[in-house]
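A short write-up of the structure that comes next.
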Amino acid sequence: INQRQAVMKPSSISFVTKLVIISFHLLSYRITLGEKVGDDVVSAQSKIVDWVRSNGGYFSDKQEFRLTTDNGNYGMFATQDIKEGELLCSVPWNCIITGTNMKKKDKRNPYFFCGSTRRLIDEITSDKKSFYEPYVSYLMQQPRGVIPSDWSTAGKELLLELLGDNQLPPNDAVSLIDIWEKSCYQGDDNIDEVIRHRALVEYHTRADDEILIPLYDLYNHGQDKNSNGITEVFWDNKQDVRAARDIKVGEEIAMSYNFGI
C-alpha cells in the first residue's frame, strides 16, 4: 500500500497543483473583470437600448441588465412583475448583423458562417462610423479569454494536459480560431490579427446561428424551470423576446439557447 501511495502521490500532486493554478487564474480573472468593467458594461448596454429604440425597436422598462448576486455574472432581471406573453424586447432587422451566404457552412468548418464573421470584421474596421457602432463598441469592450480558444498557448496546453483522453465537447475547443483562419480567412487584406480573433470570439459566443442580435444576447441561458423567456425570429423583419410565463420582480429572465430544452 505504501509503495502504491508513493507511486500515485507525485501524479496526484501534479494534477491537483495544475487544477489549483487554473482555478486561481479564473478566479483572479473574474475579480479583475468585475473591478475593470463594472458600470461601463451597464452604460454600454444602455446605449444599445437607446439605439435600438431610435430605430423602431422596443425594450421593456420592466427589466434591467445588472450583476447577479449569486455568481458575479451579468444578467437580465425583472424590476416589476411581468405577465406571461408580455413583450420584453423587439429588435428590428436593420439592427441585426447578418452576413452573405449565411445558410452555407464550409465543409471544413462546422462552427461558423464565414459571411457573418466577415461582416462583423467589416463593421469593426470600417473607415466610416458604423451604423452598428453602439453594439460593435460594446462587443469590442468585452474581455479576452472567455473561451479556451482565446487562451494563451500555455493555457491551452495545460487544459489539454488536464483533460487527457477525456476531451469535453466540442473536441476542437482550443482550436476554433485556427479552424476559422483556415476555412474563412482569405488573407487578402491587412486586417489586424487581434481584431480578426476578437470578432471571431464575439461571434462564436453570441451569435444565434448566423446572426448577431443586440440586446437578445444579454439574456442568459436557462433550462426547465429556469427558462422563463422565449424568442421568435421573423426573418427580414424583427426578433422578439416575450415572457414564457409570469415572472416575478427580482427574478432573472433567461431562455433556452436550445429550442425545446
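A few remarks follow.
- Residue in region 137-159 that is under 30 Å from TRP51 (Cα atoms), at pLDDT 85 or above, open to solvent by less than 30 Å² (accessible area, probe 1.4 Å) and hydroxyl-bearing (Ser, Thr, Tyr) present: yes
- Flag if GLY72 is on the phi > 0 side of the Ramachandran plot and at pLDDT 85 or above: no
- Failed criterion for GLU193 (all others in (1) under 25 Å from TRP51 (Cβ atoms); (2) among the acidic types (Asp, Glu); (3) surrounded by fewer than 11 Cβ atoms within 10 Å (Cβ to Cβ) hold): (1)
- Condition check for ASP217: without any contact (Cβ under 8 Å) to a residue 24 or more places away in the chain and touching a helix residue (DSSP H, G or I) at 6+ places or on another chain (Cβ under 9 Å): yes
- Test: LYS129 is of a type in the set (D, E, K, R), touching a helix residue (DSSP H, G or I) at 6+ places or on another chain (Cβ under 9 Å) and modelled with pLDDT of 85 or more: no
- ASN101 being over 30 Å from GLU193 (Cα atoms), of a type outside the set (Lys, Arg) and at pLDDT below 65: no
- Top-ranked residue in region 171-216 [being closer than 16 Å to PRO148 by Cβ and of a type in the set (A, V, I, L, M, F, W, C); ranked as modelled with the lowest pLDDT]: ALA173
- Filtered by the rule that a residue be under 10 Å from TYR203 (Cα atoms) and either acidic (Asp, Glu) or at pLDDT 75 or above (or both), region 108-117 gives PHE113, SER116, THR117.
- Answer residue from region 217-237, given it is of a type in the set (D, E, K, R) and over 25 Å from GLN142 (Cα atoms) and is most open to solvent (accessible area, probe 1.4 Å) among those: LYS225
The values are calculated or read from the model by the stated rules, or taken from the named source; none is laboratory data. This is a predicted model, so every value here is computed, not measured. Cβ atoms come from the backbone with ideal geometry, glycine included; neighbour counts cover every protein chain shown. All accessible areas refer to the heavy atoms of the entire protein, side chains included, with ligands and DNA or RNA removed. Shrake-Rupley method; radii C 1.70, N 1.55, O 1.52, S 1.80 Å.
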